[in-house]
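Worksheet: one structure, shown below.
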Amino acid sequence: MYFFLSVIVYGQGFIGPGTSVQGQPTAFFEPILLSQARVLPKDSWVVLSGNIINTLPGGKYYTFRDSSGEVAVEIGAKVWRGLSVEPSDRIVIHGKVKINKGQISIEVKAVSNPGRTNIRQGHAVTVTQPITINEAKTLPHGSWVILTGNIINSLEKEYYTFRDSTGEIIIEIERKVWRGLSVGVSDRVEIHGELEIKKGQYSIEVKAIRGL
């Protein structure tokens, strides 16, 4: 059960998309070059366009290449959401920057390819354009969705109520996901995340958020 709190909890200060302050993670929602991603702080959100050229040891690690270089990316089995690609397929990956011992990698949360689809009966899908809450509720568990609307209140811990013209849904936003963004109930936002369905209840685990 969720409990309503009388005070809305915001992110720490306002930072517009694509801006970094004193090493704080930032967020990009349009494709950037890998060379640009390399200079961003840990946990920054990035979108990259390029090719997966090979598989690395570990079963979920790959080499991703764009015109500016190569990087190791981590793509868990569920993140593919039924999508199958070849090295010649240009894809778009959405994920966060990881830095370990000075080495950068990308933890991918969504993969899309305009030339291929992952539509299979009952299989999670990747949505690449904003949809409504009602539309999201027709998708399978684990689907990647983009929604626009307003956060209208804060619930227990890191949970909030999100509303658009078609209804409301519970969303989870961990503190680090705010990446410096601060919003009020009148501020329209766009959220990117994974649809969860538990005991018939719908929610979104948000991985990136931006102000509109």
Subset of the range 146-183 that is among the β-branched types (Val, Ile, Thr) and open to solvent by 20 Å² or more (accessible area, probe 1.4 Å) - its residue that is farthest from residue 132 (Cα to Cα):
152
Against the definition (at pLDDT 95 or above, open to solvent by 30 Å² or more (accessible area, probe 1.4 Å) and not polar (S, T, N, Q)), how does residue 77 come out, yes or no?
no
Condition check: open to solvent by 50 Å² or more (accessible area, probe 1.4 Å) and over 11 Å from the mean Cα position of the chain (by Cα). Does residue 186 satisfy that?
yes
Determine which member of the set 47, 39 is of a type in the set (A, V, I, L, M, F, W, C) and either free of Cβ contacts under 8 Å to residues at least 12 places away in the same chain or in contact with a helix residue (DSSP H, G or I) (Cβ under 7 Å, 6 or more places away or on another chain) (or both).
39
Given the criteria of a type in the set (S, T, N, Q) and surrounded by fewer than 15 Cβ atoms within 10 Å (Cβ to Cβ), does residue 88 qualify?
yes
Every pair of residues 6+ apart whose Cβ atoms lie under 6 Å, when the first sits in the range 116-135 and is closer than 18 Å to residue 78 by Cβ while the second is modelled with pLDDT under 90 and outside any helix (DSSP H, G or I)
118/82; 118/83; 120/82; 123/82; 125/118
Looking at the range 28-42, which of the residues that are in contact with a Phe, Trp or Tyr (Cβ under 9 Å, 6 or more places away or on another chain), open to solvent by less than 60 Å² (accessible area, probe 1.4 Å) and not in a loop (DSSP other than H, G, I, E, B) is farthest from residue 99 (Cα to Cα)?
34
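Please indicate, with yes or no, whether at least one residue in the range 97-107 is crowded, with 19+ Cβ neighbours inside 10 Å, touching a Pro at 6+ places or on another chain (Cβ under 8 Å) and of a type in the set (A, V, I, L, M).
Taking every residue of the range 97-107 in turn, at least one turns out to be crowded, with 19+ Cβ neighbours inside 10 Å, touching a Pro at 6+ places or on another chain (Cβ under 8 Å) and of a type in the set (A, V, I, L, M).
Yes or no: the range 149-172 includes at least one residue that is free of Cβ contacts under 8 Å to residues at least 12 places away in the same chain and within 22 Å of residue 211 (Cβ to Cβ).
Yes, some residue in the range 149-172 is free of Cβ contacts under 8 Å to residues at least 12 places away in the same chain and within 22 Å of residue 211 (Cβ to Cβ).
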State whether one or more residues within the range 45-58 are at pLDDT 95 or above, buried (at least 17 other Cβ atoms within 10 Å of the Cβ) and aromatic (Phe, Trp, Tyr).
yes
Among 105, 67, 112, which is within 17 Å of residue 44 (Cα to Cα) and either at pLDDT below 95 or of a type in the set (S, T, N, Q) (or both)?
105
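The values are calculated or read from the model by the stated rules, or taken from the named source; none is laboratory data. All figures in this text were calculated on a predicted structure; none of them were measured in a lab. Cβ: placed from backbone, ideal geometry, glycine included. Neighbour counts: every protein chain shown. These accessible areas exclude ligands, DNA and RNA; they are computed on the full protein's heavy atoms, side chains included. Shrake-Rupley method; radii C 1.70, N 1.55, O 1.52, S 1.80 Å.
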